[in-house]
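Q: I have a structure here, written as structure tokens, and I will follow up with some questions on it.
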Amino acid sequence: MEEDIEKIIKYSQSLKLLYVEDNVDARESTQMVLEEFFDNIVVASDGEDGYTQFQENDIEIIITDINMPKLNGLAMIKKIRELDKEIPILVLSAYNESGFFMDSIKVGVEGYLLKPIDLDQFVGVLNKVVEKLKLKEEIQTNLHFLKEYQDATNESSIVSKTDRDGMISYVNEQFCKISGYTKEELIGKSHHIIKDPNTHSEIYEALWDTIKNKKQIWNGILKNIAKDSHSYYVKSIIKPIVDRDGNIVEYIALSTDITNIMSPQKQLEDLVNSVGEAIVVLVQIEDFDDIHKYYGKDLVNKLENKFATQIYDLMPKECEFEKVYPLGEGRYAFAKDKLDCKSNEAIILQQLKFFQETTNNTSLKIDDFEYDISIVISFAFGVEALENAMYGLTKLLVTKQDFIVANNLVEQEQLEASKHLKTLKMVKDAIQNYNIVSYFQPIVDNKTRQIVKYESLVRLIDKDKNIISPFFFLDVAKKGKYYPQITSIVLNNSFEVLNHTNMDVSINISALDIEKKATREKIIGLLEINKAKAQRIVFEILEDEEAKDFALIKSFITQIKKFGVKIAIDDFGSGYSSFERILDYQPDILKIDGSLIKNIITDDFSLSVVKTMVLFAQEQNMQVVAEYVENEEIFNVLCTLGVDYSQGYYFGKPAPLNFEL
């Protein structure tokens, strides 16, 4: 996932973004997020200003608010579309702006971002836009072949040909697949057979004016209705084919299915947006990603399709749902107007629990394979039922729970997003003002009680001169480009300390950090510069369950040990550490996790575990450091066990050393 985000950022940084927002506070906070992904941002304060900036700059992507003075977002988009019909445009939308959806389709937007901007949602939407931009060249190539009457049945595109009177003369297999009609049912018919009756007539009037009267290419988004009545969205390029005299012979349309690009819940929005309050139930096959990896695409597709035919029958009739919505990726949805529901929420909740239990006792037999279905359920009702249910499902997958009533989660997530934005701004300001600093905590020799080394620990100084622990900012910083900058600062500070003390200096680095090429190159460069002092450096490796390339990590450890550095395994005894990994990395030092040390007096299990670790370390000729040594009693027990070094408030808190870095 992290590599995918890096690829998106690498691509988006080359794009010039036009960001249009009239609210100063919203503009500043959102711009801070956008700067993570775009190096070149042109900012406009309203629609009129945005249109001017578009004319004066080579803009490649637009993100705009809707409600603005002078010229609102939709009006600005219409004017821009007169100049450029292909530029990707994303709309910043509050949840109460869903009524603008059809109007935005008319003017041709690529997707939506919710206010306040959520990083995960933004990455998902931006990824789809990036994918479409990358496909643009391929689509243009396909258009060239279409003009020459060559292979119009490209497997990756939905292709149709229409005669001068608007009657369908050809469709490819992809057209049939998405529409649900056979070629025989389509040939000779008008495109009205798939036309959405709710789409504004102006869209089609503009389409025909462009291709028939102006003889130009029309590029836009269309909402269609398949044979089974479900709606789908396509991004279409329609080109008039002319003879040598410039007379139109026929029209060719090349389309791409963008139903999921617009938003993963668009299959439900027609229903949810048409009612005041809705009841929404989202069902997810548990551990679906693992099932997909283990059994492969073909079998998983069969499993999804078969379960889709059974899930509606498993749903209790008391819930009164009329339809199941298969959303892909092992996810299904039920929805209805709350006013049409005869049962109250308590009864529905009870029935959903029964549905979950029944489903979890169901087996699906596919070919020679039998799979025991297990599902998680997110249930919500009210004005923002769909959004709340989506947040709820995400929360279930993170917390590993199996059922949630997800009302009010949108509001909670917005508050959390606001906190993250403030944290990002705090980190950005600290980096710009050189307020990412290193504190150093002493480590003492248990035999002499003398300080023999220091651990380098990152701190942030905020605008009010408060010293902020990494607990409050580091995880948020990891989601963007600030984390590598923080790592670089900490490395520089830690190596600089070697010039001011004769003690060893321990530097924390995670397994995920080592997997980053830039971090590895930074460390090697600093070791080359400080060869004479490198033997006083200790790298404390913190394991991470998301680390994948253990061979690379092991190779890097071997490489840097040639400089004379020592390797410590940090937080040994926590959830991700293992004796097997210790043997792989061949460390010099074990740092026992503080959760074991602080309970060693009162908890016999902790005492037993620490004894085992010390014996293991001694057998492997490794030194042992104990963290969280808070009092004399703990220290005495550690000395009795044979622990070599102690670190904790009993000997000293993290603090700046008495020299300038």
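Every number here is computed from the coordinates shown, using simple stated rules; none is lab data. In this text, all values refer to a predicted model and were calculated from it rather than measured experimentally. No Cβ is skipped: glycine too gets one built from the backbone with ideal geometry, and neighbour counts run over all protein chains shown.
Q: Write down the percent of antiparallel bridges among all DSSP beta bridges whose residues are both part of the chain, to the nearest 5.
A: DSSP beta bridges in the chain are roughly 60 percent antiparallel.
Q: Gain in length, Q350 to K177, computed as 0.36 nm per residue apart minus the alpha-carbon separation, to one decimal in nm? Mind dumping the intermediate values first?
A: On the way: separation 173, 0.36 × 173 = 62.28 nm, distance 3.89 nm.
Here the answer is 58.4 nm.
Q: For the range 29-93, what log10 I(q)/I(0) values come out of the Debye formula at q = 0.15, 0.28 1/Å, with one point per alpha carbon and no solvent?
A: Summing over Cα pairs of the range 29-93 leads to -0.43, -1.46.
Q: A further question on this structure: List the residues, sorted by chain then number, that are 5 or more residues from N435 or on another chain and whose placed amide H is less than 5 Å from its amide H.
A: none
Q: Pairs of alpha-carbon atoms within less than 8 angstrom and 6+ residues apart define the contacts here; what relative contact order does the chain have, in percent? Please report the intermediate quantities before stating the final value.
A: Details: 1077 pairs, mean separation 47.4, N = 661.
This gives 7 percent for the chain.
Q: I would also like to ask the following. Applying 1/(1 + (r/R0)^6) with R0 = 45 Å to the Cβ-Cβ distance of L657 and K425, what FRET efficiency is obtained, to the nearest 0.05? Before the final figure, lay out the partial values.
A: Working: r = 29 Å, r/R0 = 0.65.
Approximately 0.95, to the nearest 0.05.
Q: For an R0 of 51 angstrom, estimate the FRET efficiency from the Cβ-Cβ distance between L299 and T501 and round to the nearest 0.05.
A: Calculated value: 0.25.
Q: Now, a different point. List the lysines whose Cα sits under 27 Å from the Cα of K338, skipping any in the same chain fewer than 8 residues away.
A: The qualifying lysines are K115, K223, K266, K317, K323, K353, K395.
Q: What does the charge count around K235 come to, taking other residues whose C-beta lies under 9 Å from its C-beta (Lys +1, Arg +1, Asp -1, Glu -1)? Write down the numbers at each step before the final one.
A: Working: positive: K132; negative: E110, D257.
Neighbour charge sum, excluding K235 itself: -1.
Q: Below 8 Å, C-alpha to C-alpha, sequence gap of six or more: please give me the relative contact order for the range 2-126 in percent. List each step's numbers first, then the result.
A: Details: 186 pairs, mean separation 29.3, N = 125.
Across the range 2-126, relative contact order equals 23 percent.
Q: Local charge sum around N360 (other residues, Cβ-Cβ under 12 Å, Lys/Arg +1, Asp/Glu -1)?
A: Details: positive: K353; negative: E286, E357, D372, D402.
Overall, the nearby charge balance is -3.
Q: Right, next: Size of the dipole of the range 2-126 about the Cα centre, Lys and Arg at +1 and Asp and Glu at -1 on the beta carbon, nothing else charged, in debye to 20?
A: Details: 11 positive and 26 negative charges, 111 e Å.
Using Cβ point charges on Lys, Arg, Asp and Glu, the range 2-126 gives about 540 debye.
Q: Let me ask you something else. Given the Cα-Cα distance of F616 and D209 and 0.36 nm per residue of separation, how much length would full extension add, in nm? Display every interim value, and only then the final one.
A: Details: separation 407, 0.36 × 407 = 146.52 nm, distance 8.03 nm.
So the chain would gain 138.5 nm between F616 and D209.
Q: If you average 1/r over every pair of different alpha-carbon atoms in the range 260-407 and take one over that average, what Kirkwood value in Å do you get? Please report the intermediate quantities before stating the final value.
A: On the way: mean 1/r = 0.0641 Å⁻¹.
Averaging 1/r across every pair of different Cα atoms and inverting gives 15.6 Å.
Q: Bin width 20 Å, origin at 0, all Cα-Cα pairs of the chain: what percent of pairs per bin?
A: Taking every Cα pair in the chain, the percentages come to 15, 39, 33, 12, 1.
Q: Something else now. If r is the Cβ-Cβ distance from D464 to Q485 and R0 is 25 Å, what FRET efficiency results, to the nearest 0.05? Please report the intermediate quantities before stating the final value.
A: Numbers: r = 22 Å, r/R0 = 0.88.
Here the calculated transfer efficiency is 0.70.
Q: Next up: Within the set of other residues whose C-beta is less than 9 Å from the C-beta of D588, count the net charge using Lys and Arg as +1 and Asp and Glu as -1. Each step should come with its number before you reach the end.
A: On the way: positive: K561, K566; negative: none.
Result for the local shell: +2.
Q: Roughly how many whole Å is it from the C-alpha centroid of the range 591-661 to that of the range 490-545?
A: 23
Q: Another question, if that's okay. Please list the non-local residues whose amide H lies under 5 Å from the amide H of S374, H modeled 1.01 Å from N, same-chain partners needing a gap of 5 or more.
A: Residues meeting the amide H criterion: E286.
Q: Would you mind pulling out the separation of the Cα centroids of the range 338-380 and the range 294-333, in Å?
A: Result: 10 Å between the Cα centres.
Q: How long is the gain from K195 to L83 if the chain were fully straight, where each residue apart is worth 0.36 nm and the alpha carbon distance is subtracted? Show your work: numbers first, answer last.
A: Working: separation 112, 0.36 × 112 = 40.32 nm, distance 2.68 nm.
Net length gain for the segment: 37.6 nm.
Q: Find the centroid of the Cα atoms in the range 228-247 and in the range 105-135, then give the distance between the two in whole Å.
A: Centre-to-centre (Cα) distance: 24 Å.
Q: What's the Cα-based Rg to Rh of the range 151-262, Rh via Kirkwood? If you can, show how the numbers build up before the last one.
A: On the way: Rg = 13.4 Å, Rh = 14.3 Å.
Dividing the radius of gyration by the Kirkwood radius yields 0.94.
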